[in-house]
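Report on the structure given below.
The values are calculated or read from the model by the stated rules, or taken from the named source; none is laboratory data. This structure is a prediction, so every number in the text was calculated from the model and none was measured. Heads up, the Cβs are rebuilt from the backbone with ideal geometry, glycines too, and the neighbour counts pull from every protein chain shown.
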Amino acid sequence: MYLTIKGLDDERFIRPLELIANLFFEETTISFKKEENRDLIIQFSLDINGNTVYVKGKLLDQAGNEESAEYEKELSGYQTEKEQFKQVKNAVSHAFLTMLQNWTGMIQKWGILTGVRPTKLMHRKMQEKISFESAHKQLKEEYLITDEKLKLMQQIVERQLAVVPDLYELRNEVSIYIGIPFCPTKCAYCTFPAYAINGRQGSVDSFLGGLHYEMRQVGRWLKTHNIKVTTVYFGGGTPTSITAEEMDMLYEEMYTSFPDVSTIREITVEAGRPDTITKEKLDVLKKWKIDRISINPQSHIQETLKAIGRHHTVEETVEKFHLARSMGMKNINMDLIIGLPGEGIPEFTHTLNETEKLLPESLTVHTLSFKRASEMTKNKEKYKVADRQEISLMMEQAEEWTKAHDYHPYYLYRQKNILGNLENVGYSLKGQESIYNIMIMEEQQTIIGLGCGASSKLVDPKSGKITRFANPKDPKTYNENYESYTNEKINMLSELFNVKTTFAN
Ligand code: SF4
């Protein structure tokens, strides 16, 4: 789809307008240049008068059909030109979305929102002490979010505040993410740092050496400055793809190096791939009192698992789930994906029926997203996926199923190129929610990332401003540079928490 935009000349408009247009059309190219054979021409007029922005838009298609929209908004609370532009951009997006909705007859349930964390907007309203009723009104007016999604946002925010009542006061604590970049094989949709583990023992050994070093140094810094840890999350990759002995040493390091591990609210280990789970590894998890694990079926259809490169059977998922249960694992999460290649309502129904026999404590329902760097996106024609309407119906099915089984939504996030412009939702039985998932989604505190591909998100305890710092994604670069990455991170943390850096030998 080719669109010409007239009446705007600031290049910063192009990307956000493209993101909105992509909600309606496969792939859109937007340009300010007058070119022949454009599918649509959009004429904007933008008037900023004092603190009011007034946008008028007119859409013209090749058949001569027209749509128009107007929007007026007070600009408020901005400190910089960049912040002011964001509000102007939202006003232009508002008129743009209205025209495209009218022209296509398609309603975007998330309105003009294309970002990852819509619930943050609702939290912001809560922190400003605005009632839910007014928050709904304001968010609907400003972003064109539908009532259905506003209700979901409210439900999630209420659940999060019930689980973490001090959510807005945790900025002086941190959570820790530990990335283990190995998996038995690479899944087709994956863009995580995940390297096939077979034949890489040398690389695994050096990586773990670096990781232990990072844990020791960061742990010492936390102890020195009396900074508490709220949650710890071992992700990756698959953290259970290393051996039981390596896991044992890693958790011992955590207990030795991190402050007051017994008071950490939650420790999760992703055991995502059932083919990595053994009795010995579960023994290690029990020994170190790991509260929460994930065993991820994604689908209970064998052909699908094969098509997406997961070399385990559906029976193995069930078997490992029962093994974990029999060994006393009381908080198990399972991930499912809606819209996997070749899957529609019958396949998803089967997966839900199988899930019903297991009833894990929490269930994360993802909608497939075509991430740019994944094998699936590179060979898109090989993977046939359901259409927008069927995806939407499967999402509704998941909502009904979780409700009927007493699961409640407690976090959500969205991704670019997600099928049907939907979302990923974490559901949980009451009291079994993952606190780390709430922390990572709502960005209320610093998350220190250790290990390969781990990204640290530094949240300023006073202003809430977020700075990111990424460790290298591949084990080789990590192994060569972990000391300098650790030092740099510690310096940034010291600055953030306004303390003096201390390095240990
Ligand atoms: S198990 Fe997870 S991290 Fe590993 S390849 Fe598959 S999607 Fe990626």
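Observations on the model:
- Hey, GLN138 more than 16 Å from the ligand (Cβ to nearest atom), in contact with a Phe, Trp or Tyr (Cβ under 6 Å, 6 or more places away or on another chain) and at pLDDT 95 or above or not: no
- Here ILE391 fulfils each of the conditions (1) more than 19 Å from PRO118 (Cβ to Cβ); (2) buried (at least 17 other Cβ atoms within 10 Å of the Cβ) apart from (1).
- Elements of the type helices (runs of 4 or more DSSP H) sitting completely within region 110-225 and holding at least 3 residues that are under 20 Å from ILE440 (Cα atoms) and not assigned by TED's automatic domain parsing to the domain that holds THR304: these cover 119-127, 147-163.
- Residue list for region 327-352, restricted to those being touching a residue at least 12 places away in the same chain (Cβ under 8 Å) and assigned to a helix (DSSP H, G or I): ILE345, GLU347, PHE348, THR349, HIS350, THR351, LEU352
- Strands (runs of 3 or more DSSP E) completely within region 21-91 that count 1 or more residues being in contact with a helix residue (DSSP H, G or I) (Cβ under 6 Å, 6 or more places away or on another chain) and surrounded by 12 or more Cβ atoms within 10 Å (Cβ to Cβ): 29-31, 52-61, 66-74
- Scanning region 163-186 for residues that are of a type in the set (A, V, I, L, M) and within 16 Å of the ligand (Cβ to nearest atom) yields a total of 2.
- Restricting region 240-274 to residues that are among the charged types (D, E, K, R) and within 16 Å of the ligand (Cβ to nearest atom), the residue that is modelled with the highest pLDDT is GLU270.
Residue-wise test of (1) on the phi > 0 side of the Ramachandran plot; (2) away from the ligand (no atom under 16 Å from the Cβ).
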residue	(1), (2)
ARG216	no, yes
ARG220	no, yes
LYS223	no, yes
ASN226	yes, yes
GLY237	yes, no
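- Under the condition of being within 15 Å of the ligand (Cβ to nearest atom) and either outside the structural domain of MET334 (by TED's automatic domain parsing) or assigned to a loop (DSSP other than H, G, I, E, B) (or both), the residues counted in region 300-312 number 5.
- Evaluating LYS380 against the criteria (1) modelled with pLDDT of 90 or more; (2) more than 16 Å from the ligand (Cβ to nearest atom); (3) of a type in the set (D, E, K, R) leaves one unmet condition, (1).
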